[in-house]
Structures are given as C-alpha cells and as structure tokens.
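Student: Got a structure for you, questions after.
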Amino acid sequence: SSQLFAQETPTTTSRFGKQSLRTWSVGAHGGILSQNTFLGGGSVDAREFKSIGYGAFVKKQILPALGLQADFLRGEVKTANAFGNLEQKNSINWSGSLTAVLNIANFSLNTENAVLIPYVKAGAGYMSSDSQLGTTEVFADREGWFIPTGVGFKLGVAKGINIDLGYDINFIKSSPTVKSAYNESRFSYAHAGLEFALGNKENSQLQNYSAVADLRKQSAEESAELRRALSTAEQNAARDREQYAKDLADDDNDGVANKFDKCPGTPTGTVVDGSGCPIKVQREIIRETKVITEEDRKVVKDAISNLEFDLGKSTIRSKSYASLNRVAGLLVEKNFSLKLAGHTDNTGGRELNLRLSKERAESVKAYLVSQGANASRIEATGYGPDQPISTNKTAAG
C-alpha cells in the first residue's frame, strides 16, 4: 500500500542544530485483487480478472527506517476455471490491519528528501467477507483474522508527497472444505497510490529525510557563510591597515603622527610639543652694554663747552661744528643714545626762554642727524631757566 508521512514530533540533531521532521502521513491507493500469487495458485485457474480493490491508510513514522501503518481495504476477487463453467467471487466488505513497515534503504541522490525508498511490511488484520461459487453462496459476512505482508517502493516526487507502488499477499484462514477444494487461503493486491505528509510544509519527512544530504547542504551553507565572513574580515583589515597607515603618517614632518597631531600643517622646522603644536619660544633679550670711556666723555664735554648760538637765536655758530662733528662720529660708531637738554639764563620772559632752549636743543639734534647720527637715539628737551646747570644770579653763571 502507499504511504505518506508527516512529522512534527521527532527532531534530528545535526552538527548545526536540531531540525523538526514530520512523522504523520495519510494516503490512498487502488489496484488489482487476485486469488493467484507468485507463490502459486490453487485448483481454480484465475484466467480472467475483473477484480478491483481500493483503500486508505494512516501512518506514524517511529524511526527513519521503521513505521506503523493502519490500513483499510475493500474490493472483490472474481476468477473462473479454465473451462469457464465455474466462477467464484469473493467480496471483501471491509478489512483493517496494522503493519510494521521497514524501509530497506534511502536513496537520496544528494538531495535532502529521498527519491527512492524500497520497503517490506508485515502485520495482522481483521476482515469481513462474502464468498459465492457459481450461484451458490458459500458464506456471507464471515469475519476472521488475516496476515498482511508486502513489498514495494516509494518515489519522492515533491516535499511531502510520495508515489507508492506495492505488492501485498494476504494470508487468510478458510474453512477446511473450501480451503481443500479451492485453495482460497491467500490473495494478492498489486496497487499504486499517493502518500501525503502532515504538518509544517517547510519541514522534511522523517522517512524521506537524508541526514547525509542535509549535512552536505548545511556544510555548503556554513562554508559559504565562512567565506563571506572571511571576505568581510579581509576588507575590514585592509581598511584598518589603510587607516593606520594614514594615522601613523607624519604629513607635516614635525615628528608627531597625524593621529596625535592637534596642529596639522605646521611649517617645516617649527619646534612643536607632543601634540604637534608650535612651542612658543621665549626669546632672550640681549641688552648691549655700552661702555662710555673718559675719552668719549671728553668729546661730549668739549662739544658742550664750544657750543655757541647767535644771541637770542637757535642758530649754531660755525665755530661749534668741529666739536659737534666729533660727537656725531661717536654716536655713529658706538650707537650711543644722547639726551640734549637746552638751558637759558633768566634774562627775559620765562616762556621765551623755554621755547628758545627747546629750539636750540632741536637745532643741535638736527645737526647731529645731518652728520649721520640716528635720530631715534637722540632726545632734545628744553628747560629754559628752570633747571640751570650753574647759577643764574651772576654774569658768569
């Protein structure tokens, strides 16, 4: 008979984890009933077949190779002797049996669901039948036990669908009179049918499931995933190497890597700190010490002693040029600073004397500058009669 399994209960544990499988199935079948079997016939020569049988089943797969199947069958067997003058008709009103189905092999052809599964089966059953010989009714509604056996194979045509082709021989207990005369102790059933698995359509059937093919499939998926992960890791590593090279480079050549350089692009030769920022160097102010010698003092003193102006004016008399020239030369040579202070006596108005003293100091400065002295290093101030360097109370002062 045909078989179909469904399964949700058992699971198979592969190296990658558990997988739910379908264990329950239902099916239907039809075929030819015959009183002759390959084991040999009786005294009745079944030369004419007009016998059709049909049935259904429910199956529970316990192990990948073992299942329990409950079958229902009905039909009738008609035969005639060689002379055609005696016809026997046996009718199966109903029959029910429970058989153990043993799968001999599982040919998966590298697919998760098997393509070809040969099997054998045997069990026990109970039936109700009528028998008629010619026009004589031998018995009616006779019930009794029988032993169903069979062989066959299943073809997996889709996930959860199998074609089932089988040949069954059913052994029955007959009355001694009928058995000795007509040998009706057995009959055969050649059939074809379909089996449908019950349960989640995404799950494989326990009977059809090929662990080797599934392992190969999962290994291929794992290998592909590992290759993808390796490719991603290599890409990330290449990106990281590129980033590290960029971070550890020193684009401005200041000795600080780009990653830690808080002041990128500093000019070449700039002194920087650990963050790559320029260090503000406190430049030492070098103050030049100028030593004024006695000879220098004498030059200035002579110039002051020989300095004469026109009366009441700021015009320098020519006789003073020689000594002023020596002062100018001293300023140029030694880059001295010079403060010129103009003074007057107390003759005349104070404001006039202040202006005259200032103009005379400026006149001396202008002359020294004309001789090459640095104007920025000469200060000219007029004090008039306020700060006399000698008394203004006498003619000599």
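The values are calculated or read from the model by the stated rules, or taken from the named source; none is laboratory data. Values in this document were obtained by computation on a predicted structure and should not be read as measured data. All Cβ positions, glycine included, derive from the backbone under ideal geometry; neighbour counts span all protein chains shown.
Student: Go through region 297-312 and report how many residues are closer than 25 Å to GLY348 by Cα and free of Cβ contacts under 8 Å to residues at least 24 places away in the same chain. Please lay out each step first, then the result.
Tutor: Taking region 297-312 as the starting set, the residues that turn out to be closer than 25 Å to GLY348 by Cα are 304-312.
So of that shortlist, the ones also free of Cβ contacts under 8 Å to residues at least 24 places away in the same chain come out as 304-306, 308, 310-311.
Count: 6.
Student: Where residues in region 134-147 are surrounded by fewer than 18 Cβ atoms within 10 Å (Cβ to Cβ) and hydrophobic (A, V, I, L, M, F, W, C), which of them is modelled with the highest pLDDT?
Tutor: So the residue we want is ILE147.
Student: Step by step: first the residues of region 173-213, then only those that are of a type in the set (Asp, Glu) and at pLDDT 75 or above, then the one that is surrounded by the fewest Cβ atoms within 10 Å (Cβ to Cβ). Which residue is that?
Tutor: If we take residues in region 173-213 being of a type in the set (Asp, Glu) and at pLDDT 75 or above, then GLU202 is surrounded by the fewest Cβ atoms within 10 Å (Cβ to Cβ).
Student: On to the next question. Residues in region 51-73 that are in contact (Cβ under 8 Å) with a residue 60 or more places away in the chain and basic (Lys, Arg): how many?
Tutor: Adding up the residues that qualify gives 1.
Student: Among LEU352, LEU330, LEU340, LEU324, which is the only one that is outside any loop (DSSP other than H, G, I, E, B) and modelled with pLDDT under 75?
Tutor: LEU340
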